Amino acid sequence: VIKCKAAVMWEANKPFSMEEVEVAPPKAHEVRIKIVATGICRSDDHVISGILPSPFPVILGHEAAGIVESVGQGVTSVKPGDKVIPLFIPQCGECSICLNAKGNVCCKTDLGSPSGLLADGTSRFTCKGKAIHHFLGTSTFTEYTVVHESSVAKIDSSAPLEKVCLIGCGFSTGYGAAVQTAKVEPGSTCAVFGLGGVGLSVVMGCKAAGASRIIAVDINKDKFAKAKELGATDCVNPKDFKKPIHEVLIEMTGQGVDYSFEVIGRTETMTAALASCQYNYGVSVIVGVPPAAQNITFDPMLLFTGRNWKGSIFGGWKSKDSVPQLVADYMKKKFDLGLLITHTLPFAKINEGFDLLRTGK
């Protein structure tokens, strides 16, 4: 058993509490990882605010990179000392989705109706004598974590962990939504709703795919300079217009955009993104986590004319196969993750990190 520091969320809508936790050794087919760097993602905050259901108490965090400390019986894909990225979407390689070339959301994921436990129905974390739940099979807001072997990818040993941790969620999710889910084509026109880390990664993906026009949409104009640096050609603030934003985008483009991306997680922007893409062959992708217990009402004529409405989790990538490849692409300078990092804080300041996220900084 390892004793270490972890940021425990005892109940919803409270700050993280820095605690000493016990991390049990890995069981068969499990891997214990020393976490070196972790990103802060809006999905973690969605659990705190209740938008994303998850059992408490819990150790959140799912976007990270670290080093294997020890492995359980039967583990063959990693060994102690390997640099790795934990995977909140596992890849077991055996379920119907893993065996389908088009699928990436492995049946073993703890999304949907989360148990907050590992595959055997138990937790590896205890604090003050109490079992603490895992989050999405990863739990990275701790100095050590335990994950199933299907939830970890070995990466290039020379990769800088404080940069490639973003490949564990935000970057891969946004970049993949453009190049993998939407399959943006050269010369096309795109609109990206929401310019957080994931939205900016969508902008990077649209640019990498050769889009000729990338319209960035956000109500926080402080995000526009970074969006332009990463490839946005136009920046639009819906607050500057009296008319609905989809009408603005249709006027700007003639018939609407070829591809639109909703990277916020709000039902009204999801329908606006759909309405802003070309009525016959436009593709709109939902990337933001939808709020729990909310439904969308929309005019079915929007789809009847031929538009395609899609969802994308983790950018459509098969995680164990794609994460090492994305790290290799980063090492070849195909994209710059450093541009997505605004602040680097010590672990003890995690609550300040979440304040920065909540205030759009």
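If we keep just the residues of the stretch 94-122 that are among the polar types (S, T, N, Q) and buried (at least 23 other Cβ atoms within 10 Å of the Cβ), which is modelled with the lowest pLDDT? Outline the logic, then answer.
Narrowing the stretch 94-122 to residues among the polar types (S, T, N, Q): 96, 100, 104, 109, 113, 115, 122.
Next, from what is left, pick out any that are buried (at least 23 other Cβ atoms within 10 Å of the Cβ): 104, 109.
Values: 104: 97, 109: 92.
The extreme case among them is 109.
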Looking only at the stretch 295-312, and only at residues there that are free of Cβ contacts under 8 Å to residues at least 40 places away in the same chain, polar (S, T, N, Q) and surrounded by 11 or more Cβ atoms within 10 Å (Cβ to Cβ), the one that is farthest from residue 103 (Cα to Cα) = 305
Please list, ordered by first then second residue, the pairs with beta carbon atoms under 7 Å, 6 or more apart or interchain, first in the stretch 232-251 and in contact (Cβ under 8 Å) with a residue 12 or more places away in the chain and under 11 Å from residue 217 (Cα atoms), second among the aromatic types (Phe, Trp, Tyr) and not in a loop (DSSP other than H, G, I, E, B).
-> 235/224
Residue within the stretch 43-52 that is in contact with a Phe, Trp or Tyr (Cβ under 7 Å, 6 or more places away or on another chain) and open to solvent by 20 Å² or more (accessible area, probe 1.4 Å) present | no
How many residues does the stretch 303-322 hold that are closer than 21 Å to residue 289 by Cα and in a helix (DSSP H, G or I)?
-> 4
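With of a type in the set (Val, Ile, Thr) and open to solvent by less than 10 Å² (accessible area, probe 1.4 Å) as the only criterion, which of 198, 184, 192 stands out? Spell out how you get there, then give the answer.
Numbers: 198 fails: open to solvent by less than 10 Å² (accessible area, probe 1.4 Å); 184 fails: open to solvent by less than 10 Å² (accessible area, probe 1.4 Å).
Matching residue, one of 198, 184, 192: 192.
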Check the stretch 237-255 and report whether any residue there is buried (at least 21 other Cβ atoms within 10 Å of the Cβ), under 25 Å from the mean Cα position of the chain (by Cα), modelled with pLDDT of 95 or more and farther than 29 Å from residue 111 by Cβ.
-> no
Filter result (surrounded by fewer than 18 Cβ atoms within 10 Å (Cβ to Cβ) and within 22 Å of residue 194 (Cβ to Cβ)) within the stretch 313-336 = 336
Scan the stretch 256-268 residue by residue and report those that are at pLDDT below 95 and open to solvent by less than 60 Å² (accessible area, probe 1.4 Å).
-> 265, 267
Are there any pairs, at least 6 apart or on different chains, whose C-beta atoms fall under 6 Å, with the first in the stretch 49-68 and outside the structural domain of residue 350 (by the TED database) and the second open to solvent by less than 10 Å² (accessible area, probe 1.4 Å) and not in a loop (DSSP other than H, G, I, E, B), and if so, which?
-> none
Would you please list the contacts, defined by Cβ atoms under 8 Å and residues six or more apart or on different chains, that run from a residue in the stretch 197-218 that is in contact (Cβ under 8 Å) with a residue 12 or more places away in the chain and on the phi > 0 side of the Ramachandran plot to a residue that is open to solvent by 20 Å² or more (accessible area, probe 1.4 Å) and not in a helix (DSSP H, G or I)?
-> 210/185; 210/186; 210/187
Which listed residue is open to solvent by less than 30 Å² (accessible area, probe 1.4 Å), among the aromatic types (Phe, Trp, Tyr), more than 30 Å from residue 227 (Cβ to Cβ) and in the same structural domain as residue 50 (by the TED database), from 125, 141 = 125
Answer yes or no as to whether residue 200 is within 19 Å of the chain's Cα centre (by Cα), in the same structural domain as residue 270 (by the TED database), over 16 Å from residue 286 (Cβ atoms) and assigned to a helix (DSSP H, G or I).
-> yes
Wholly within the stretch 11-102, strands (runs of 3 or more DSSP E) carrying at least 1 residues that are within 21 Å of the chain's Cα centre (by Cα) | 30-38, 64-71, 83-86
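Pick out the one residue from 59, 89 that is in contact with a Phe, Trp or Tyr (Cβ under 7 Å, 6 or more places away or on another chain) and more than 29 Å from residue 129 (Cβ to Cβ). Walk me through how you get there before you give the answer.
Values: 59 fails: more than 29 Å from residue 129 (Cβ to Cβ).
That would be 89, the only listed residue that is in contact with a Phe, Trp or Tyr (Cβ under 7 Å, 6 or more places away or on another chain) and more than 29 Å from residue 129 (Cβ to Cβ).
When you scan the stretch 225-233, do you find a residue that is under 30 Å from residue 26 (Cα atoms) and surrounded by fewer than 17 Cβ atoms within 10 Å (Cβ to Cβ), even just one?
Step one: list which residues in the stretch 225-233 are under 30 Å from residue 26 (Cα atoms), which gives none.
Scanning the stretch 225-233 turns up no residue that is under 30 Å from residue 26 (Cα atoms) and surrounded by fewer than 17 Cβ atoms within 10 Å (Cβ to Cβ).
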In the same structural domain as residue 61 (by the TED database) and not in a strand (DSSP E or B): does that describe residue 338?
-> yes
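The values are calculated or read from the model by the stated rules, or taken from the named source; none is laboratory data. All figures in this text were calculated on a predicted structure; none of them were measured in a lab. As a convention, Cβ positions derive from the backbone with ideal geometry for all residues, glycine included, and neighbour counts pool all protein chains shown. Protein only, heavy atoms only, side chains kept; ligands, DNA and RNA dropped before computing areas. Shrake-Rupley method; radii C 1.70, N 1.55, O 1.52, S 1.80 Å.
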